[in-house]
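**Student:** Would you mind keeping the following structure in view while I ask a few things?
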């Protein structure tokens with residue numbers, strides 16, 4: 001299984017639902033991975049991207065601070081799977097010679113990775129599942145409704161709509 005290094009390219013809003021979308025982009029390529037996330041997680045990611053500091057640590061800051069205080073290094077986060085439209089992530093931690101991998105939501109994993117300067121990876125299988133090969137045109141020349149809707153969303157996204165870019 002190949003892991004692709006990625007970075008947080010932007011956070012934008014779905015024009016239909018106003019839900020935040022985290023957009024990861026391949027470090028050495030053009031592939032992207034949009035992940036619909038919650039508002040609180042989007043705020044946690046955006047505040048770190050913008051280097052906004054609060055008087056007291058927020059949840060993801062606290063998590064990183066606890067790990068550092070215990071001598072635990074956050075090595076990497078990996079968006080590892082996509083099942084039934086739900087993304088899964090893993091956070092790899094190291095303490096001395098001991099390594100452990102912990103299950104996480106991708107939005108939390110990315111918020112932590114940004115604070116810990118940890119590598120963000122996406123499994124190639126996740127990219128393939130999220131961007132299946134373009135379907136051949138149906139007999140009447142139409143592709144599936146879902147594929148058309150996604151194509152329309154991507155075409156309509158105005159670069160100025162991206163709330164945060166890196």
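The values are calculated or read from the model by the stated rules, or taken from the named source; none is laboratory data. Everything quoted here is computed from the prediction, not taken from an experiment. Here the Cβ positions follow ideal geometry from the backbone for every residue, glycine too, while neighbour counts run over all protein chains shown.
**Student:** Can you tell me which residue within region 123-152, out of those that are surrounded by 13 or more Cβ atoms within 10 Å (Cβ to Cβ) and in a loop (DSSP other than H, G, I, E, B), is modelled with the highest pLDDT?
**Tutor:** Step by step, filter region 123-152, then rank; the result is 131.
**Student:** Write out, first by first residue and then by second, each pair whose Cβ atoms fall under 8 Å of each other, whose residues are 6+ apart or on separate chains, and whose first residue, in region 89-102, is at negative phi and touching a residue at least 60 places away in the same chain (Cβ under 8 Å) while the second is outside any strand (DSSP E or B) and surrounded by 11 or more Cβ atoms within 10 Å (Cβ to Cβ).
**Tutor:** Pairs found: none.
**Student:** Determine which member of the set 21, 35, 45 is within 16 Å of the chain's Cα centre (by Cα), surrounded by 19 or more Cβ atoms within 10 Å (Cβ to Cβ) and either free of Cβ contacts under 8 Å to residues at least 12 places away in the same chain or within 18 Å of residue 115 (Cα to Cα) (or both).
**Tutor:** 45
**Student:** Another one. Within 20 Å of residue 4 (Cβ to Cβ), at pLDDT 60 or above, surrounded by fewer than 17 Cβ atoms within 10 Å (Cβ to Cβ) and out of contact with any helix residue (DSSP H, G or I) (no Cβ under 7 Å at 6 or more places or on another chain), is that true of residue 106?
**Tutor:** So residue 106 fails the test.
**Student:** Filter region 48-83 for residues that are more than 17 Å from the chain's Cα centre (by Cα) and over 19 Å from residue 102 (Cα atoms); which is surrounded by the fewest Cβ atoms within 10 Å (Cβ to Cβ)?
**Tutor:** 55
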